[in-house]
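**Q** Input: one structure, supplied below.
Read-outs throughout are calculated quantities, based only on the coordinates presented, and are distinct from any laboratory measurement. Bear in mind the structure is a predicted one, so any value in this text is a computation, not a measurement. Note that each Cβ is placed from the backbone with ideal geometry, even for glycine, and that neighbours are counted across all protein chains shown.
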Amino acid sequence: MLHGPNLNLVGTREPTIYGRTTLADIDAQLQQLGAELGVAVATFQSNSEGRLVDRIQAARGSAMAIVINAGAYTHTSVAIRDALLATELPVVEVHLSNTYKREAFRHRSLIADIAVGQVVGFGPDSYLLGLRAAAGVLARRTD
Ligand code: DQA
């Protein structure tokens, strides 16, 4: 579970858009859901594109799927896209807000076409739905 830039401020940052739930609360809910689903959840947040790339690279061989809210890097980062591709892991893209209802520059995602799917606009539930989706992808795997 990867959180990109400025998501450390969720809960106080633009609460009319992102809500009042903190990232710590979201991570706690993810751990609880992971336990219910029987999947181990590792969470990581960074404001740095390079640190996110390093963490994505480390996921290869240690994680079975990646759920990512890349924040603003969603719309700009070829490096994060390439790192995700290099892992060869299933990727689920999530966003707190419905990016398609917002400014035009948020409509383009460099992750969307390499992801299994997207969950956007449900606030913290986007993460929980994303985790359920990733667990479902793994459960349906045939290899
Ligand atoms: C976001 C949407 C992005 O456009 C924005 O830059 C963010 C948060 C979301 O979760 O809604 O930082 O990823």
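**Q** Take the chain, connect every pair of alpha-carbon atoms lying under 10 Å apart with a spring to form a Gaussian network, then pick out the residue of 66, 17, 26 with the largest mean-square fluctuation.
**A** 17
**Q** Where does segment 1-73 land on Rg(C-alpha)/(2.2 N^0.38 Å)? Show your work: numbers first, answer last.
**A** Details: Rg = 12.8 Å, N = 73, 2.2 N^0.38 = 11.2 Å.
Against the compact-globule rule of thumb, the ratio is 1.14.
**Q** Mean-square fluctuation check for the chain, GNM, Cα pairs under 10 Å: which of 109, 62, 97 is largest?
**A** 62
**Q** What size of dipole, in debye to the nearest 20, comes out for the chain about its Cα centre when the only charges are +1 on Lys and Arg C-beta atoms and -1 on Asp and Glu C-beta atoms? Can you show the working numbers first?
**A** Values: 13 positive and 13 negative charges, 37 e Å.
The dipole magnitude comes to about 180 debye.
**Q** Then there is this: Hydropathy at least -1.0 by Kyte-Doolittle, axial extent at least 18 angstrom from the Cα trace: which helices of the chain, defined as entire DSSP H runs, fit? Could you put the intermediate results ahead of the total?
**A** Details: long enough: 23-37 (21 Å, 0.25); 124-140 (25 Å, 0.56).
In the chain, the long hydrophobic H runs are 23-37, 124-140.
**Q** Compute the normalised compactness of segment 68-143: alpha-carbon radius of gyration over 2.2 N^0.38 Å, N being the residue count.
**A** Numbers: Rg = 12.4 Å, N = 76, 2.2 N^0.38 = 11.4 Å.
So the Cα radius of gyration is 1.09 times the expected 2.2 N^0.38 Å.
**Q** Would you calculate a helix-derived [θ] at 222 nm for the chain, using -39,500 (n - 2.57) for each DSSP H run of n ≥ 4 and dividing by the full residue count, to the nearest 500?
**A** Numbers: 5 runs with 57 residues, N = 143.
That comes out to -12000 deg cm²/dmol.
**Q** As a test of the definition: which semi-axes, in Å, follow for segment 65-105 when you take the square root of five times each eigenvalue of its alpha carbon gyration tensor? Largest first, please.
**A** Numbers: eigenvalues 84, 30, 8 Å².
Semi-axes, largest first: 21, 12, 6 Å.
**Q** Sort largest first and round to whole Å: the equivalent ellipsoid semi-axes of the chain, each the square root of five times a Cα gyration tensor eigenvalue.
**A** Numbers: eigenvalues 89, 65, 41 Å².
Working through the eigenvalues yields semi-axes of 21, 18, 14 Å.
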